[in-house]
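> One structure, pasted below without further comment.
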Amino acid sequence: SKVEKLFYESRIRVNGEKILKKSAQLDVGDEVDVIRSLSPMNPEFLLVSRIEILSVKAGEEHIAVKLRRFKSLTVENYRDPWKESADAT
């Protein structure tokens with residue numbers, strides 16, 4: 001339910017773009033950002049957590065996904081800028 005809340009608050013971006021469906025397909029090389037907040041130092045930047053999909057291998061009974069995770073990054077706001085809403089927590 002946490003991811004669903006982030007989706008409806010438009011806090012999830014894939015390769016810098018808003019996703020319109022929760023069932024969006026991801027590919028190797030995609031970067032998924034979860035927007036944490038505006039940067040306190042510069043409102044033109046955001047604080048995000050990011051994962052990058054490095055590889056996907058299907059086995060007989062499982063799928064192995066290799067990711068690179070960044071707990072906290074400062075990135076320039078997106079082309080379709082994210083704005084913090086008054087009711088965001």
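The values are calculated or read from the model by the stated rules, or taken from the named source; none is laboratory data. A quick note: this is a predicted structure, and the numbers were derived from the prediction, not measured. Glycine also receives a Cβ, built like all others from the backbone with ideal geometry; neighbour counts cover every protein chain displayed. When the accessible area is computed, the model is the full protein with side chains, heavy atoms only, and any ligands, DNA or RNA have been set aside. Shrake-Rupley method; radii C 1.70, N 1.55, O 1.52, S 1.80 Å.
> Between [x] 1.01; [y] 1.06; [z] 0.92, which entry matches Rg/Rh (Cα atoms, Kirkwood Rh) as derived from the coordinates of this structure?
[x]
> Run lengths n ≥ 4 of DSSP H only: what is the helix-derived mean residue ellipticity at 222 nm for the chain, with -39500 (n - 2.57) per run over all residues, to the nearest 500? Kindly include the intermediate steps, with their values, before the conclusion.
Values: 1 runs with 7 residues, N = 89.
That calculation yields -2000 deg cm²/dmol at 222 nm.
> If the label point is 7 Å along Cα→Cβ of SER1, which residues in the stretch 8-47 have backbone nitrogen under 16 Å from it?
8-9
> Then there's this: Count the net charge of all other residues whose Cβ sits under 9 Å from the Cβ of ILE53, scoring Lys and Arg as +1 and Asp and Glu as -1.
On the way: positive: LYS66, ARG68; negative: ASP27, ASP30, GLU31, GLU52.
Surrounding charge for ILE53 is -2.
> When ligands, DNA and RNA are left out and all protein chains stay put, how many square angstrom of accessible area per residue does the chain have with a 1.4 Å probe? Working shown, then result.
Values: 6810 Å² over 89 residues.
Heavy-atom SASA per residue in the chain reads 76 Å².
> Scan the chain for trypsin sites (Lys or Arg not before Pro) in coil per DSSP, keeping those whose Cβ has at most 14 other Cβ atoms within 10 Å, and list them by number. Walk me through the intermediate numbers first.
Values: sites: LYS2, LYS5, ARG11, ARG13, LYS18, LYS21, LYS22, ARG36, ARG50, LYS57, LYS66, ARG68, ARG69, LYS71, ARG79, LYS83; in loops: ARG11, LYS21, LYS22, ARG79, LYS83.
Here the sparse-neighbourhood loop sites are LYS21, LYS22, ARG79, LYS83.
> Not counting ligands, DNA or RNA, and with a 1.4 Å probe, what is PHE7's accessible surface area in Å² rounded to the nearest 10?
Looks like 30 Å² after rounding.
> Which GluC sites (Glu not before Pro) in the stretch 1-51 sit in a loop by DSSP (not H, G, I, E or B) and have at most 14 other Cβ atoms within 10 Å of their own Cβ?
Working: sites: GLU4, GLU9, GLU17, GLU31, GLU44; in loops: GLU9, GLU44.
When the GluC sites (Glu not before Pro) of the stretch 1-51 are filtered for loop state and at most 14 Cβ neighbours within 10 Å, GLU44 remain.
> Where nothing but the Cβ of Lys and Arg (+1) and of Asp and Glu (-1) is charged, how large is the charge dipole of the stretch 2-76 around its Cα centre, in debye to the nearest 20?
Working: 14 positive and 12 negative charges, 58 e Å.
With only Lys, Arg, Asp and Glu charged at Cβ, the dipole is about 280 debye.
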